[in-house]
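Here's the structure we're looking at; comments come further down.
The values are calculated or read from the model by the stated rules, or taken from the named source; none is laboratory data. Owing to the predicted nature of the structure, the values given are computational and were not obtained by experimental measurement. A quick note on method: Cβ atoms are made from the backbone with ideal geometry, for glycine too, and the neighbour counts reach across all protein chains shown. With ligands, DNA and RNA removed, areas are computed over all heavy atoms of the protein, side chains included. Shrake-Rupley method; radii C 1.70, N 1.55, O 1.52, S 1.80 Å.
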Amino acid sequence: PVFVVPSGIDLGPFSSEPDPLRQAVLRQSMNIPRENLILVNVGRLAGEKNIEELLRFRAGLGDAPVTLLLVGDGPDRLRLEGAAGGLGLSAPAVVFAGMVPPAQVADWYQLGDLFVSASTSETQGLTYIEALAAGVPALCRADPCLCGVIREGENGWQYRDEAEFRRDLECFLAHPDRQRRMSSEARRA
């Protein structure tokens, strides 16, 4: 006999519409300007997550009004904070939010405009599913675990290098109507 045992994610908390007041309070608590686009990553700060790549990519954006919001903690946090400083990144270009209570995780996803991940070590990729359920399109390093999850140009993109990352991010920034469409498609997916 074969039984399918689904991943243990309760998508209920992620599927509600964001509370604009809650979003404003979170943004203000992190000193993120209202005009900044937020690239959010939720997860463990560890070597296999390849967060340093996201820091390098953010540094390559220069003074663009973009915040890389890292939600979570882990053994690499101090090293990553040092790497950010070495790249000339400080708040609001990069914000280390730390651990958040589990009941608030959906709020932090929904604070993001685009979920980003550079990990190639995922086996289930639960954070991708949570982000999409929260209505946040994804921009992630190409990985076989994302086949059928991230649909190119519909609910996100998979990139292979910095040039593709920048191209997809610029496409997202340039088309507010596409942002709304992709958000709806992410939630639907």
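Quick check on this structure: which one of LEU132, LEU68 is assigned to a helix (DSSP H, G or I) and out of contact with any Ser or Thr (no Cβ under 7 Å at 6 or more places or on another chain)?
From the options LEU132, LEU68, the qualifying one is LEU132.
Name every residue in segment 147-168 that is among the hydrophobic types (A, V, I, L, M, F, W, C) and crowded, with 20+ Cβ neighbours inside 10 Å, in order of residue number.
ILE150, TRP157, PHE165
Does GLY72 qualify as being of a type outside the set (D, E, K, R), on the phi > 0 side of the Ramachandran plot, modelled with pLDDT of 95 or more and open to solvent by less than 20 Å² (accessible area, probe 1.4 Å)?
The answer is yes for GLY72.
Return the residues of segment 1-34 that are in a loop (DSSP other than H, G, I, E, B), of a type in the set (A, V, I, L, M), open to solvent by less than 100 Å² (accessible area, probe 1.4 Å) and at pLDDT 85 or above; say none if nothing qualifies.
LEU11, MET30, ILE32
Only residues that are among the hydrophobic types (A, V, I, L, M, F, W, C), open to solvent by less than 40 Å² (accessible area, probe 1.4 Å) and over 24 Å from ASP168 (Cα atoms): list them for segment 75-95, please.
LEU80, ALA83
State all residues of segment 118-132 that are open to solvent by less than 60 Å² (accessible area, probe 1.4 Å) and either hydroxyl-bearing (Ser, Thr, Tyr) or at pLDDT 90 or above (or both); if no residue qualifies, say none.
Passing the criteria: ALA118, SER119, SER121, THR127, TYR128, ILE129, GLU130, ALA131, LEU132.
Please state which one of GLY98, GLY135 is buried (at least 19 other Cβ atoms within 10 Å of the Cβ), at pLDDT 95 or above, of a type outside the set (A, V, I, L, M) and closer than 21 Å to LEU26 by Cα.
GLY135
Condition first: surrounded by fewer than 18 Cβ atoms within 10 Å (Cβ to Cβ), more than 16 Å from the chain's Cα centre (by Cα) and assigned to a loop (DSSP other than H, G, I, E, B). Can you find one or more residues in segment 36-59 that meet it?
no
Given THR127, THR120, which one is touching a residue at least 60 places away in the same chain (Cβ under 8 Å) and part of a loop (DSSP other than H, G, I, E, B)?
So the residue among THR127, THR120 that is touching a residue at least 60 places away in the same chain (Cβ under 8 Å) and part of a loop (DSSP other than H, G, I, E, B) is THR120.
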